[in-house]
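**Student:** Sharing a structure here in C-alpha cells format.
The values are calculated or read from the model by the stated rules, or taken from the named source; none is laboratory data. Quick caveat: nothing in here was measured; it's all calculated off a predicted structure. Here the Cβ positions follow ideal geometry from the backbone for every residue, glycine too, while neighbour counts run over all protein chains shown.
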Amino acid sequence: MFDLSSKCAVVTGAARGLGQAIAVKLAEAGADVALCDLQSDWLDETAGKVRDMGRRAEVYSVNVADADSVTAGVKAIEADFGKIDVLVNNAGITKDGLLMRMSEADWDAVLDVNLKGVFLCTKAVMRGMMKQRSGAIVNIASVIGLMGNAGQANYAASKGGVISFSKTVAKELASRNVRCNAVAPGFIRTAMTNALEEDVQAKMKELIPLSRFGEPEDVANVVLFLASDTSGYVTGQVLSTCGGMVM
Ligand SMILES: NC(=O)c1ccc[n+]([C@@H]2O[C@H](COP(=O)([O-])OP(=O)(O)OC[C@H]3O[C@@H](n4cnc5c(N)ncnc54)[C@H](O)[C@@H]3O)[C@@H](O)[C@H]2O)c1
C-alpha cells in the first residue's frame, strides 16, 4: 500500500529518536535514505538498520540551522542519489524555561534549529522537486505548536511557525505537484521526553485519551502515509499523532 521503491528520502535529525524510526520505516517501504545529523558518525546505527533491509543509506553531517551546511549537504545528496523525492524535516531541540527567565540565546537556539532549519532544508530541496514535478515534504511539528505549553515559549513558537510555514509551502508548490504537510506528535517516548521529570510525565499521561505515551513508530507510520503517494490528495494539513490529546 505504501510503496516508496525507487524513491530517495532525506531525513534530518536521523541519528536517534523519531528521526531514526522514520528513516527505518521509509526504508521498510522501499526508499533509499539520506540520513542527516550534526555528525555523520552518529548515524551509523540508523544506517545499519536501513542497510539491513536491503536499502541504500548514506550519512551526511548537516547542521540544519546553518545555510552553508544545508546547501552543501543537499548538493552532496543530489549528486549521490540523483534526486530527492521526500524530505522529512525532523531535527529539533528544546531549551525549556518560563518566559520570565528565558534568555535570548535559548530563544534563538530553538528558533534557529526548529524553524529556520525547516526553512533552509525546504528551500534547498524545493528547486529539484519543482523541476521533477513531484515531491513530498513532511515537517515534524508538535501538539505544543497548536496548544502552547508553559515553559516552552520558544519551542511552541517554533512549532507553531512550522505549521503555518507548511501550509504556505503547500500553497506555493501545489501547482508543481509538490505536497507539504505537518505531523504534530504528542508525548512520544524518546530521549527528548525521557528527560522530563516523572511528575511532569504523569501529568501529561492524564491528558491523553488513549492513556498511553506514543512510540516513535506511531509517528513514523503517519510520516510514511504523508510521504507516500497514498496521500496524493493531501497537502497543507496538520496530522496530530497524540493519542487524542488535541482534537
Ligand atoms: N519526542 C516527542 O515526544 C516529540 C513530540 C513532539 C514533537 N517532537 C519533535 O520530533 C522531532 C524529533 O524529536 P526526538 O524526540 O526524536 O528528539 P531527539 O533529541 O531524540 O533527536 C533529535 C535529533 O536531531 C538532531 N539535531 C539537533 N539539532 C540539529 C541540527 N542543528 N542539525 C541537525 N540535526 C540536529 C539531534 O542530534 C538528534 O539526533 C523534533 O523536531 C521534536 O521537536 C518530538
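**Student:** Which of the helices (runs of 4 or more DSSP H) contained wholly in region 20-118 include at least 2 residues that are more than 9 Å from the ligand (Cβ to nearest atom) and over 25 Å from MET130 (Cβ atoms)?
**Tutor:** Output list reads 44-52, 104-111.
**Student:** Next up: Quickly run through region 156-187 and pick out the residues that are within 10 Å of the ligand (Cβ to nearest atom) and at pLDDT 95 or above.
**Tutor:** Once the filter is applied, which keeps residues that are within 10 Å of the ligand (Cβ to nearest atom) and at pLDDT 95 or above, region 156-187 yields SER158, LYS159, VAL162, VAL183, ALA184, PRO185, GLY186.
**Student:** In region 174-195, what count of residues is obtained for those that are over 30 Å from ARG133 (Cα atoms) and exposed (fewer than 15 other Cβ atoms within 10 Å of the Cβ)?
**Tutor:** Result for region 174-195: 4.
**Student:** What is the residue count in region 214-236 for residues that are within 14 Å of the ligand (Cβ to nearest atom) and touching a helix residue (DSSP H, G or I) at 6+ places or on another chain (Cβ under 7 Å)?
**Tutor:** Counting residues in region 214-236 that are within 14 Å of the ligand (Cβ to nearest atom) and touching a helix residue (DSSP H, G or I) at 6+ places or on another chain (Cβ under 7 Å) gives 5.
**Student:** Here's something else I'd like to know. Taking interchain pairs and intrachain pairs at least six residues apart, which have beta carbon atoms under 6 angstrom, with the first residue in region 14-26 and touching a residue at least 24 places away in the same chain (Cβ under 8 Å) and the second among the basic types (Lys, Arg) and surrounded by fewer than 24 Cβ atoms within 10 Å (Cβ to Cβ)?
**Tutor:** Within 6 Å, the pairs are VAL24/LYS49.
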